[in-house]
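Read through the structure below, which is laid out as structure tokens, and then see the notes.
The values are calculated or read from the model by the stated rules, or taken from the named source; none is laboratory data. Source: prediction; values computed, not measured. A quick note on method: Cβ atoms are made from the backbone with ideal geometry, for glycine too, and the neighbour counts reach across all protein chains shown. Heavy atoms of the whole protein, side chains included, go into the accessibility calculation; ligands, DNA and RNA do not. Shrake-Rupley method; radii C 1.70, N 1.55, O 1.52, S 1.80 Å.
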Amino acid sequence: MFNKILIANRGEIACRVAATARRMAIKTVAVYSDADASAKHVAACDEAAHIGGSSPKDSYLRWERILEAAKATGAQAVHPGYGFLSENEEFAQACADAGLVFIGPPPSAIKAMGLKAESKRLMEKAGVPLVPGYHGSDQDPALLKREADDIGYPVLIKASAGGGGKGMRAVDKEADFDAALASCKREAINSFGDDAVLIEKYVQRPRHIEIQVFGDSQGNYVYLFERDCSVQRRHQKVLEEAPAPGMTAALRAQMGEAAVAAARAVNYVGAGTVEFIVEQRPDGTMNFFFMEMNTRLQVEHPVTEAITGQDLVEWQLRVASGEPLPLRQDQLVLTGHAIEARICAENPDNNFLPATGTLHVYGLPHCTNFERGVVRVDSGVRQGDAISPFYDSMVAKLIVHGDTREQALARLDVALAHTHIVGPSTNVQFLRHVIQTDSFSQANLDTALIPREQAVLFKQERVGLALAVASAVAHTLAQERAAEACSTAQSGWLDPWGRHDGWRSHGPSTRRFDYLFHDQSHIVQLTCLHDGALALEVAGESGVFTFTSVTQGYDVRFGTQRQIVSVYQQADVVHVFSALGATQITVVDALAHAGDAQAEGGRLTAPMPGKVVSFAVKAGDTVTRGQTLAVMEAMKMEHTIAAPGAGVVAELLFEPGDQVAEGSELLRLEL
């Protein structure tokens, strides 16, 4: 076994590998960029080496610097994690040439499976079922369009060297093909340095089911059952679970054996995942087709660990050091049900726009970290860390395990309710909405679940104005009482004029609060009655109001409602978390904001830091509401900037290729 390994990655996966290595008494070396000098993964390792600038191309993709760090620190092997260089055959070969063990498959296997077109030809020879499509090397756009026409719409354009949902476009009709192809190729060249694509039939009501495989250097192979990853947004996974609902023992064996055949065909060694698209027929039967093989550890590997009781990173380390697989196929046992939710810094209500910013509050449920448990959280950040624009937007992975799917679902909802993040926007509440839908709760799964359920997923308000106001008022009063108690303790005497409870010598007293809730102004009246009781009035609703401080926050009662809420205030914004959901309400101070200017009309600004890919208009063009004006690239994804209304383009303020800061004005419109 190795004495020391270098982890050629960052964030959550670097921390994950370090945790298992520490348990196995293996020393670890972290690498870090300028942006990650104080990151959690650096602190999680025994040593650390600086490898360059904040952009991945200046650090985590500079494999020559990584190899230098490995040699300088005496590391014997390199674990690539996932993303970055994990599926780069040149890096794997460079490790071997430098006398380092690459903790992954041989370069030949990475190369064979890295190009989707080539991998499909190999799978066809191995007898693995394929989706009808074009996987040729001729990339003439006219030919690609003819192939799509012959296959029949809808079709899927996929970057041949792609992964993670990047460089992928679904095309419903012939008229949309050219634009989709151009966008797909542009994203592919930016993400992978290769704009080759393949065309496949877009399977109706598809499910995305993948098989975890493992091989060793002695020629042994096993499959560790399946994961259902059908719930996706923008072709990227949102929720993953194991086992796949509705999976029969016979189908599991067929898919598992096909996955092993795929691995055997390329002499695979280590952890890999064979992904299948599964067609659900009206008669209830399911057909599966090979989609691709990911030659690395998957983001969602913890759900497999939960149902098998195995540590897959430990398996990786043992196999890479030359040991045989720890277990045979007949020794693997599937127990219970596990679900993983990817918590990302993004705004689901704004087309999942990635978000950046400081994690002012980062509260997690009671959980294990990087090891099997009823509730597990794998995270590469801490409270106070910043989500930067340079890397992936994932904040953490929340994994639950139960005896049944129903129990796992209940545990996941409770765990998400106790996940409190204040700072960048996140998808935590969106995840709660997804698992509460009829489609997900009843396992009516396919990759179109999110569009199908969008009416109950987006722009949802589960807390409501009354509870939001009551929580905000409770927080204000609690803060005032705490300040008063502190002042009394320091001075040693009670100042009757410093009391904030509204006491009067006769009759009730009234206090006004002004709030902004979902862009609507509200005046709230808090009345302190002569007997000391409180009454609250908001939007025509009035009732007795009480609150008590508890461990989790406040026990708030208003009218017929009673909820335990956690409240955090950042500047004027009050964040409220409850079992119902989470919301925000803004405290309005008329004096403080009296001089604020109104937002200037006709401006279009960058919603995040990134690069201008292209402009779809020029100065003088007339545009309509919703028309595409520009395309930006940030966090490895393309984002479209659309016209907020009809008008004329007055001026373009940047050139394609320019880097822009969040809030930078990209162009001016005369609306």
Original post:
Of the residues 178, 149, which is within 20 Å of residue 204 (Cα to Cα) and assigned to a helix (DSSP H, G or I)?
Top reply: 149
Original post:
Hey, residue 570 hits all of (1) open to solvent by 60 Å² or more (accessible area, probe 1.4 Å); (2) of a type outside the set (Ser, Thr, Tyr); (3) at pLDDT below 95; (4) more than 29 Å from residue 412 (Cβ to Cβ) but one; which does it fall short on?
Top reply: (4)
Original post:
residue 62 versus (1) touching a residue at least 40 places away in the same chain (Cβ under 8 Å); (2) buried (at least 18 other Cβ atoms within 10 Å of the Cβ); (3) among the basic types (Lys, Arg); (4) out of contact with any Cys (no Cβ under 8 Å at 6 or more places or on another chain): which is the lone unmet condition?
Top reply: (1)
Original post:
Would a scan of the stretch 96-106 turn up a residue that is modelled with pLDDT of 95 or more, touching a Gly at 6+ places or on another chain (Cβ under 9 Å) and in a helix (DSSP H, G or I)?
Top reply: no
Subject >> Residues within the stretch 587-616 that are at pLDDT 60 or above and either in a strand (DSSP E or B) or not hydrophobic (A, V, I, L, M, F, W, C) (or both), tallied >> reply: 14
Original post:
How many residues does the stretch 3-38 contain that are part of a loop (DSSP other than H, G, I, E, B), in contact with a helix residue (DSSP H, G or I) (Cβ under 7 Å, 6 or more places away or on another chain) and open to solvent by 10 Å² or more (accessible area, probe 1.4 Å)?
Top reply: 2
Original post:
Would a scan of the stretch 169-177 turn up a residue that is surrounded by 21 or more Cβ atoms within 10 Å (Cβ to Cβ) and touching a residue at least 40 places away in the same chain (Cβ under 8 Å)?
Top reply: no
Original post:
Of 383, 460, 407, 429, which residue is open to solvent by 30 Å² or more (accessible area, probe 1.4 Å), part of a helix (DSSP H, G or I) and touching a His at 6+ places or on another chain (Cβ under 9 Å)?
Top reply: 407
**OP:** With respect to residue 513, determine if the residue is aromatic (Phe, Trp, Tyr), over 33 Å from the mean Cα position of the chain (by Cα) and either modelled with pLDDT of 95 or more or within 30 Å of residue 247 (Cα to Cα) (or both).
**Re:** yes
Original post:
Considering only the stretch 521-542, how many residues are without any contact (Cβ under 8 Å) to a residue 40 or more places away in the chain and surrounded by fewer than 16 Cβ atoms within 10 Å (Cβ to Cβ)?
Top reply: 9
Original post:
From the list 403, 392, which one is in contact with a Gly (Cβ under 9 Å, 6 or more places away or on another chain), among the charged types (D, E, K, R) and within 25 Å of residue 36 (Cβ to Cβ)?
Top reply: 392
Subject >> Condition met for residue 546 (assigned to a strand (DSSP E or B), touching a His at 6+ places or on another chain (Cβ under 9 Å), of a type in the set (S, T, N, Q) and modelled with pLDDT of 90 or more) >> reply: no
**OP:** Please enumerate the residues belonging to the stretch 74-95 that are touching a Phe, Trp or Tyr at 6+ places or on another chain (Cβ under 7 Å) and assigned to a helix (DSSP H, G or I).
**Re:** 91, 92, 94, 95
